[in-house]
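Before I ask anything, here is the structure I am working with.
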Amino acid sequence: MEMRSRWRPSLLPRAYATLVVALRWLVVGGWAAAAVASVIYLPAVGQGGSDLEQLVSTDNPAIRSELRSFDKFGFPLLSRVAVVQRNPQGLPRQTQADAIERAQAVSDGTYTDAGPIRAAVPVMNTLGLFPGSAEDGTTIVTLLFTDPSVNFAGQVKAAERFVAAHYDADDQVVGITGSVPARVEQARIVQSSVSRLELITIAAVFLIVAVAFRSIVAPLVALTVAGAATLLTLHVGGALALKLGVPVPQETQPLLVALLLGVVTDYVVFYLSAVRRALAAGETRLDAARQATARFTPIIATAGLTAAAGTGALIVAGSPAFRAFGPGMALAILIGVLVAVTLVPALLAILGRAAFWSPLRRTAPTEPPVSAPAGGRWWARLLTRRWFALPMLLVCTAGLVVAALPLAHIKLGVSFVEALPADRPARAAATAAETGFADGILSPTEVLLEGNAVGGREAELGKLQQALAREPGVAAVLGPTTPNLPKGYDVFRSSDGAAARYVLILADEPLGARAVQTLNRLDRDLPGLLSAAGLDGVQASLGGDTAVARVIVDQTTHDLGRIAIAALLANLLFLMLFMRALLAPIGLLACSVLAIGATLGLTTWLFQDVFGADGLTFYVPFAAAVLLVALGSDYNIFGIGPAWREARTRPLREALALTLPHSARAIRTAAFTLAVSFGLLLIVPLRPFRELAFALSVGVLIDAFVVRSLLAPALLSVLGSTVAPEPEPVDTEPVEVPAG
């Protein structure tokens, strides 16, 4: 005997559905006009600028140390742009002499065409002048010091003009590199990849939805809605970023595109499934649209608000990077929800059966054959038996816990140069420099000493320099007592003697996890090193890219607690309001946490253990976790929502057995689409995007195929009546749920 649903949408959803269907042509025309107007009149995301300097607070202690160093010496010690010359067989002496003369001319102002470049310092691995050099006379790294008011792109253009004007083929220039050129090159790669990413993702979404609904019109509906949401998000987000002065990182654009195409397609899939069922049951075009809208709009709206609240929780972070990331993601989801709950019902009310048309069939759309849902009903009934549900619950939980174990040794870094593909100019030049010197040559660390007459304490400064050179992870040290320094290196003591400084070249990639750990250890050791050298009363601080990265990683780690609490509370609140319960939402959220732990554990294992990466990019685990918490709550509501409503009129296990076959099938289709959308971030050839692509796509699949299909139903089946909702009166007008 076929079970029938006793639940019927309340008055407000039915009234909303009637209104949207009645105004269907006006809704479609309005959104089309809004999308066109946004492109014409509003700026796109990223046009307000998104360089790293906008995302790194001037309160960063490493930045403050560098600023104090500049004030005391009148000359910076660190450069983030460098010209690399290299010949593995050895550079001619004339080339080396030219490098010194060229740098001196820049520093003296002789080159009037140098523009914003104020000074240059050549660093050579010749005759042991540079301690720790791996080779002798093969490599020159000329550090360029540019006016700090010039943005990153301007600094790189100035360096390119300088090389074009003052170097020739005999100088054997490999390229321009450093953290600033790497950052600029990353932005170029992202921008050049967006169009290709969009086209391939659109093709993938079209194919998946076409196969799922056996129609070529259904995927066009999904892509129309997702396209409108994407255009509005990119341009409305850009306008808000300019108006509010909140930088939206340019690098988030591919993630925004993937998120919108995937999430909005999820929403469309649920509407399409509901309309197809209603049409197959004999409803008219308008009645089918009204029924689907009344049933799924509250679920989609709640799911979207939950996801937006989860991503928006990043606003509580102390890190400027996260504060910039969160609102953009939340805005994208909110716009996607608003477009979906209005435009999809309107389009389906207009199209009706035409939404499921295919040239390969001439009959009206029907539900899948009975055999498929019958299997689903059999599996759902088995899963809701406590004797089967309890072992399934234990097996799923154990599997997720095991997958999460690699999280115990996760490491974080800030990857710029190393994130680039090996064939990119900045990466190739960096490799050449590191081969001739040490891995940390392009981003040295500055140790600034401040104290009364510290510059004149020769013996003590020498002891400290020797102690710094013995620190694990330090390849070389230049400082006040380095012997045989050429003229250009006399920059380690301030003119008033109140400050001194050292340059530390680290043995590891300077923005990777190992270098960050080296600096953490050095920061802990510095007080003892100062005391042992006889420099009591002297203050020491660290500057440079590694020091900046260290603060960013520390800040990110410290943000974890507040971000996790805010995101989980936001999602728990929406689940509680939707389900009008406490224990069940807590249990469902615990399932999401298990899935996220497993996802991040697998990501750590793949990239750190298998690929040997020097830590994950600092923002990847946290951005992925927040998105997966939000999207997991989406699937909580899509998967458990219908069962929970039905459980107000029948036992919970019976409600699960009735609703799971169809909701699980729809969730798997939607999740597969979203996973492919995220997985295609691999098209952007940067390591952080590879990490995000894996984490998000695997996380979505784990959530849909393990947590929502097995773990969550098993948990609710085991708990049974202890978490079941309060019963409510049965509506006298039954609404049939077809097989499956």
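The values are calculated or read from the model by the stated rules, or taken from the named source; none is laboratory data. Just so you know, these numbers come straight off a predicted model, no measurement behind them. Here Cβ is always computed from backbone atoms with ideal geometry, including for glycine, and neighbour counts include all displayed protein chains.
Mind checking which residues of the range 428-454 are assigned to a helix (DSSP H, G or I), touching a strand residue (DSSP E or B) at 6+ places or on another chain (Cβ under 8 Å) and surrounded by fewer than 20 Cβ atoms within 10 Å (Cβ to Cβ)?
Result: 428, 435.
With respect to the numbered conditions (1) touching a His at 6+ places or on another chain (Cβ under 9 Å); (2) surrounded by 22 or more Cβ atoms within 10 Å (Cβ to Cβ), which one is the sole condition not fulfilled by residue 609?
All conditions are met except number (2).
Yes or no: the range 615-626 includes at least one residue that is in a helix (DSSP H, G or I), surrounded by fewer than 24 Cβ atoms within 10 Å (Cβ to Cβ) and out of contact with any helix residue (DSSP H, G or I) (no Cβ under 9 Å at 6 or more places or on another chain).
No, because not a single residue in the range 615-626 is in a helix (DSSP H, G or I), surrounded by fewer than 24 Cβ atoms within 10 Å (Cβ to Cβ) and out of contact with any helix residue (DSSP H, G or I) (no Cβ under 9 Å at 6 or more places or on another chain).
Looking at this structure, is residue 404 hydrophobic (A, V, I, L, M, F, W, C) and either outside any loop (DSSP other than H, G, I, E, B) or surrounded by 24 or more Cβ atoms within 10 Å (Cβ to Cβ) (or both)?
yes
Here's another thing I want to ask about it. Could you grab me the full set of residues in the range 534-546 that are closer than 25 Å to residue 516 by Cβ and of a type outside the set (Ser, Thr, Tyr)?
Listed by number, the residues that qualify are 538, 539, 540, 542, 543, 544, 545.
Further question: Tell me the residue from 410, 441 that is more than 30 Å from residue 530 (Cβ to Cβ), touching a residue at least 12 places away in the same chain (Cβ under 8 Å) and among the aliphatic types (A, V, I, L, M), please.
410
When residue 123 is evaluated against the numbered criteria (1) touching a strand residue (DSSP E or B) at 6+ places or on another chain (Cβ under 7 Å); (2) outside any strand (DSSP E or B); (3) not charged (D, E, K, R), which criterion, by number, is the only one it fails?
The one condition residue 123 does not meet is (2).
Return the residue satisfying two criteria in turn: it lies in the range 494-550 and is of a type in the set (D, E, K, R) and either assigned to a loop (DSSP other than H, G, I, E, B) or in contact with a Cys (Cβ under 7 Å, 6 or more places away or on another chain) (or both), and of such residues it is nearest to residue 476 (Cα to Cα).
Only one residue tops the list, namely 508.
Has the range 506-515 got any residue that is touching a Lys or Arg at 6+ places or on another chain (Cβ under 8 Å), modelled with pLDDT of 85 or more and buried (at least 22 other Cβ atoms within 10 Å of the Cβ)?
yes
When the range 158-197 is examined, which residues are found to be among the polar types (S, T, N, Q) and farther than 18 Å from residue 258 by Cβ?
Result: 172, 177, 179.
May I pose another question? In the range 676-697, which residue that is over 13 Å from the mean Cα position of the chain (by Cα) and buried (at least 23 other Cβ atoms within 10 Å of the Cβ) is farthest from residue 608 (Cα to Cα)?
Once the filter is applied, the top-ranked residue is 677.
Give the residue, chosen from 93, 102, that is more than 24 Å from residue 501 (Cβ to Cβ), of a type in the set (Lys, Arg) and surrounded by fewer than 17 Cβ atoms within 10 Å (Cβ to Cβ).
Testing whether each residue is more than 24 Å from residue 501 (Cβ to Cβ), of a type in the set (Lys, Arg) and surrounded by fewer than 17 Cβ atoms within 10 Å (Cβ to Cβ) leaves just 93.
Give the residues of the range 74-90 that are under 24 Å from residue 501 (Cα atoms) and either part of a loop (DSSP other than H, G, I, E, B) or of a type in the set (D, E, K, R) (or both), sorted by residue number.
74, 75, 76, 77, 78, 79, 80, listed by residue number.
If you don't mind, there's one more thing I want to ask. Could you count how many residues in the range 140-163 are modelled with pLDDT of 90 or more and closer than 18 Å to residue 104 by Cα?
9
Taking the condition of being more than 30 Å from residue 78 (Cα to Cα), buried (at least 23 other Cβ atoms within 10 Å of the Cβ) and of a type outside the set (A, V, I, L, M, F, W, C), how many residues in the range 547-591 meet it?
Qualifying residue count for the region: 2.
Take the range 280-299 and flag every residue that is modelled with pLDDT under 90 and crowded, with 24+ Cβ neighbours inside 10 Å.
Result: 295, 296.
Could you run through the range 76-90 and say how many residues are surrounded by fewer than 24 Cβ atoms within 10 Å (Cβ to Cβ) and of a type in the set (Val, Ile, Thr)?
0
Another question, then. Name every residue in the range 444-472 that is free of Cβ contacts under 8 Å to residues at least 60 places away in the same chain and of a type outside the set (A, V, I, L, M), in order of residue number.
Result: 455, 456, 458, 462, 465, 466, 470, 471, 472.
Report yes if residue 407 is outside the structural domain of residue 89 (by TED's automatic domain parsing), within 30 Å of residue 495 (Cα to Cα) and either modelled with pLDDT of 95 or more or among the aliphatic types (A, V, I, L, M) (or both), otherwise no.
Considered against the rule, which asks whether it is outside the structural domain of residue 89 (by TED's automatic domain parsing), within 30 Å of residue 495 (Cα to Cα) and either modelled with pLDDT of 95 or more or among the aliphatic types (A, V, I, L, M) (or both), residue 407 comes out as no.
Checking residue 277 against (1) touching a helix residue (DSSP H, G or I) at 6+ places or on another chain (Cβ under 6 Å); (2) buried (at least 22 other Cβ atoms within 10 Å of the Cβ); (3) of a type in the set (Lys, Arg), which single condition isn't satisfied?
The single condition residue 277 does not satisfy is (1).
This table checks each residue for (1) surrounded by 17 or more Cβ atoms within 10 Å (Cβ to Cβ); (2) modelled with pLDDT of 90 or more; (3) of a type outside the set (Phe, Trp, Tyr).
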| residue | (1), (2), (3) |
| --- | --- |
| 167 | yes, yes, no |
| 174 | yes, yes, yes |
| 203 | no, yes, yes |
| 207 | no, yes, yes |
| 224 | yes, yes, yes |
